[in-house]
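Here's the structure we're looking at; comments come further down.
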2 protein chains.
Amino acid sequence: MATGRTHRPATRSRGIPEATVARLPLYLRALTALSERSVPTVSSEELAAAAGVNSAKLRKDFSYLGSYGTRGVGYDVEYLVYQISRELGLTQDWPVVIVGIGNLGAALANYGGFASRGFRIAALIDADPAMAGKPVAGIPVQHTDDLEKIIKGNGVSIGVIATPAGAAQQVCDRLVGAGVTSILNFAPTVLSVPDGVDVRKVDLSIELQILAFHEQRKAGEEALPDGLPASAAAARESTDKGPDGDVPAVMPA
Amino acid sequence: MATGRTHRPATRSRGIPEATVARLPLYLRALTALSERSVPTVSSEELAAAAGVNSAKLRKDFSYLGSYGTRGVGYDVEYLVYQISRELGLTQDWPVVIVGIGNLGAALANYGGFASRGFRIAALIDADPAMAGKPVAGIPVQHTDDLEKIIKGNGVSIGVIATPAGAAQQVCDRLVGAGVTSILNFAPTVLSVPDGVDVRKVDLSIELQILAFHEQRKAGEEALPDGLPASAAAARESTDKGPDGDVPAVMPA
DNA sequence: CCATCTTTGTGCACGCGTTCACAAAGACAT
DNA sequence: ATGTCTTTGTGAACGCGTGCACAAAGATGG
């Protein structure tokens, strides 16, 4: 998972668990694909396979939404697409601004996934005066000076931050000040926001580091006899200063 | 959180909880910033604030690594940077290939966060023959035909997929076939991989949909009298066919 | 050497999320 | 109408993650 909720630690929104909310888009995507192939109904088993989750989990997730689905048959695809869309708030469209039109910002602007599902790019904003007026993905870039005017004028409540880390908090503050209450942050920084504002972060570097951890672990186990990586771990734990392995434990203090 | 582990449901790797592993990069970033300011030691309280987490959680996380830290003083910054780097496997460098050099792939290639922390872009790969040889971020793009050769020749074990959704599974299969065991997937698809291969996914569209859900909920609560959103929920739940609200419940079957 | 003060490391309890396993519900055939 | 068969919806148990609260450890000053 490339993201982590920052705010709102464990608030079950209207009785729907956060973990379930995070999976709804996954189901929606699978259902949309089925819909395009004109498949009328689908069982929890099939849909779960398509979404890459356990079928029991999927049924429980749906049970939070209501009792859609027919026993012995499955779920009506079109009906479920509609219900999930409504639950996620995708029946209305959400104007979104992207701040920071560098490589990543431009990539996001060109990303088709936005428009396809209820999201509309209301504006692209950058601090570089040279960018102003230049069209990216068919939309002219506007200058940061007009940020507040743009947000308020378009009733934007969702902002995407794709600036360098150093500018992120400042941009965030201005967005929030202008009325934005949901932020998707691509800058590698911890943003601090007032209560009531949701922040989700996407961090490429963190994802890679997590993969590296598991990769290293795989490589380590491979080198061992096989089947009992516990021996090495036990040997390490027998020392009383924690798992240092073969590393010189020079504590520079 | 923009990502979710697909494989390896809850395997505590070498005793370190997955949730802790996911936070280590966060701590590392904060520590690196302190290190650059030549701060010698830091307390769990300060570091936790910088990383945006609870200080008790941070201390517990570190306790899984060992008993670094000095009571009454705090943690030695340099030492901790080294220990976490080692734990994450960042003391070696990891060659990475990026497949799919469109807007997003190019943005990733240009992203500084890669090189700065143990990751080296070994190759850029694209299926478009017109891209072949063209330099992106100073690295010439190579054609998909040579994918296996590139992977094996460079000992690559981490692959990044930035292709359109339709090509992702096929690319994934070829990467895995050539020896890649960790994949970071930006394509909006569920990848299926054999056991032993880790997949993490980053999906912009999903993140936005989760934000939209919370945004909708905020807007809904705002419209209510104040303080008792339970009334509306109760009214809905009083019907026996689940929460449909004011929506025409046409069940197309 | 002793007292005090700061900060770590962790035992414990609690809540969320996952999974199993099964009863209830409906479709369908006879 | 009745029985059979499929698939949903959910009660219950379990495990992981979080946060509180405190005892242990060490630094520091007298």
Q) So which of A:Thr181, A:Thr144, A:Thr189 ends up being of a type in the set (Val, Ile, Thr), within 10 Å of chain B (Cβ to nearest Cβ) and over 28 Å from B:Glu18 (Cβ atoms)? A) A:Thr181
Q. Is the range B:18-25 home to any residue that is farther than 28 Å from B:Ser205 by Cα, surrounded by fewer than 20 Cβ atoms within 10 Å (Cβ to Cβ) and at the interface with chain A (Cβ under 10 Å from one of its Cβ atoms)?
A. no
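Has the range A:185-208 got at least one residue that is among the hydroxyl-bearing types (Ser, Thr, Tyr) and surrounded by 23 or more Cβ atoms within 10 Å (Cβ to Cβ)? Break it down stepwise before answering.
Here is the first cut: in the range A:185-208, the ones among the hydroxyl-bearing types (Ser, Thr, Tyr) are A:189, A:192, A:205.
Narrowing the set further to residues that are surrounded by 23 or more Cβ atoms within 10 Å (Cβ to Cβ) leaves none.
No, the conditions are met nowhere in the range A:185-208.
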Q. Could you list, in sequence order, the residues of the range A:197-222 that are more than 7 Å from chain B (Cβ to nearest Cβ) and free of Cβ contacts under 8 Å to residues at least 60 places away in the same chain?
A. A:Ala219, A:Gly220, A:Glu221, A:Glu222
Q | Where a residue in the range B:99-127 is more than 29 Å from B:Leu31 (Cα to Cα) and more than 7 Å from chain A (Cβ to nearest Cβ) and its partner, wherever it lies, is part of a strand (DSSP E or B) and of a type in the set (D, E, K, R), with Cβ under 6 Å and at least six apart | A | B:Ile101/B:Asp126
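Within the range B:84-94, is there a residue that is at the interface with another protein chain (Cβ under 10 Å from one of its Cβ atoms) and within 16 Å of DNA strand C (Cβ to nearest atom)? Don't jump to the end; show me each part of the working.
We begin by selecting, within the range B:84-94, every residue at the interface with another protein chain (Cβ under 10 Å from one of its Cβ atoms); these are B:84-94.
Those left that are additionally within 16 Å of DNA strand C (Cβ to nearest atom): B:84, B:87.
Looking through the range B:84-94, at least one residue is at the interface with another protein chain (Cβ under 10 Å from one of its Cβ atoms) and within 16 Å of DNA strand C (Cβ to nearest atom).
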(Q) I want to confirm something. Restricting to the range A:39-69 and keeping residues that are within 13 Å of chain B (Cβ to nearest Cβ) and away from DNA strand D (no atom under 12 Å from the Cβ), which single residue is surrounded by the most Cβ atoms within 10 Å (Cβ to Cβ)? (A) A:Ala51
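Inside the range B:115-170, counting only strands (runs of 3 or more DSSP E) that do not spill past its ends, which hold 1 or more residues that are among the small types (Gly, Ala, Ser)? Before you say what the answer is, go through the steps one by one.
Numbers: elements: B:119-126, B:139-143, B:158-161.
It comes to B:119-126, B:158-161.
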Q) Got a number for residues in the range B:84-94 being crowded, with 18+ Cβ neighbours inside 10 Å and outside any helix (DSSP H, G or I)? A) 3
**Q.** Among (1) buried (at least 16 other Cβ atoms within 10 Å of the Cβ); (2) farther than 21 Å from B:His214 by Cβ, the one test that A:Ile158 misses
**A.** (2)
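Coordinate-derived values only; no laboratory data. Quick caveat, the model's predicted, so the values are computed rather than measured. Methodologically, a virtual Cβ is constructed for each residue, glycine included, from the backbone with ideal geometry; neighbour enumeration extends over all protein chains shown.
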